[in-house]
Every structure is written in C-alpha cells, then in structure tokens.
Amino acid sequence: MNNFHRSLFHIAVINRQESVYKLIHEMGAIKEIILTSVDAYKQNILHLAGKLAPKARLKLVPGAALQMQRELLWFKEVEKIVPPSYPKMRDNKNRTPWELFTKEHKKLRREGEKWMKDTVNFYIIVATLITGVVFAAAFTVPGGSNQDTGIPIFLKSIWFRVFFISDAIALVSSSTSILMFLSILTSRFTEMDFLVSLPTKLELGVSALFPL
C-alpha cells in the first residue's frame, strides 16, 4: 500500500494497465481483500476506474469518441468484479463511482461529441455527392434508346441489368448511410451513448457508404 492506501492493483486500474489487472482474476482469496479495500479518500477500486486515464493511455486510441468508448469499457469491466454494493458507495466528497466518472470525463465527452459530429458531417457530404451521381445515372440509359420505339437499345443485354441493379443498390446504400449519420447528429450524446450506440451507428453508416 502507498500513502493513499492504494495497492499495486489499484494503481494499475488508475493507469489502465490491463495485463496487471488480469492478474487479479488469478489470485484466489486475496483478490477479495484487494477488491474490497478503500483508499484514504474512501474510494473503492471502481471509483479509481472512474478517474480519467493518463493522456499517454488515452492516446493509444485515435479520436475522442473512441477514447470515451474505451474509458466506458474499462469502467464496466471493473464494475463486473466488485461487490454489488460498491457502485453505490460514496467517497469523502459524497460521489458514487459513476458520478466521479461523469465529472472526470466531462471534457472528454464534449470533445467526443465534437469529433463525432465533425466526422459524420464529412461523411454526409460524401454520401450526398454519391447519392446525387447515382440518382442522375439512374435516368441515363446506357447506349441510348431506339428513336422509334423509345426502348433502350441494350435492354436485353445482361450488362444492362447489371447496371440498373448496381445503381439501385448504390442508391439504397448511400441513402441508408445518410439516415444513419443523421441519427447520430440527433443523438443526446450522453456518456452511455459512446459505449455502443454511437460507434455502432457510425460503423453501420460507413459500411453502407463503402460496402467493399
């Protein structure tokens, strides 16, 4: 224990040292002693997981939104192994672990919101351009039409069918991606939104826009 009554494992949680943290699961009975200890600030190990990670650890993941997701995943991972009463335990400033997490990550959440909006706005511009091109192509008949009958010259060609099927798929994909991106812009951007909802919507939107 150091002067703050924190063990090596408490320090590992603060500094996001996954390899050291994993050793807790292999320690048997002593694990319970480590997990249930409280430091000089009346903070349990979940409180410490709620503290903002050091900058060097945050920068391992690019983008504030993904950094926020990583912080949430870490908090939830530690929450799985603590006693049921610990998420509600209050420190010497009357804060629960989640309240401490919210306070410590307030700036990162705002930065994550800005990063997500900037990224989505860029993809919306790309998707809109693609949709416009595809929509225009849908009204352009390859090879032109017969002047007497108005029937496309290559109507019976398999490549004619491939063209229109591909065009339809591209139009649906780009339109779907725009709707997905718009749903991100209208999100509340709470802390928990960064855990699954926002990253999933972003991934789905990009995948729909660039299926290959």
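Karplus-based coupling profile of the range 115-125, in residue order and whole Hz: 4, 5, 5, 4, 5, 5, 4, 5, 5, 5, 4, with θ = phi - 60° in 6.51 cos²θ - 1.76 cosθ + 1.60 and x standing for Gly or Pro. Within the straight-line cut-off of under 18 Å between alpha carbons, the lysines reachable from K106 are K51, K55, K59, K76, K93, K114, K117, sequence neighbours fewer than 8 places apart in one chain being disregarded. Computed 3J(HN,Hα) for the range 68-80, one whole-Hz value per residue from the Karplus formula 6.51 cos²θ - 1.76 cosθ + 1.60 where θ = phi - 60°, is 5, 4, 5, 5, 5, 4, 5, 4, 5, 5, 5, 4, 5, glycine and proline marked x.
Per-residue Karplus couplings for the range 88-96, computed as 6.51 cos²θ - 1.76 cosθ + 1.60 with θ equal to phi - 60°, are listed in order as 9, 5, 10, 8, 6, 10, 6, 10, 6 Hz, Gly and Pro entered as x.
Any read-out appearing in this document is the output of simple, stated calculations on the displayed coordinates, not a laboratory observation. This is a predicted model, so every value here is computed, not measured.
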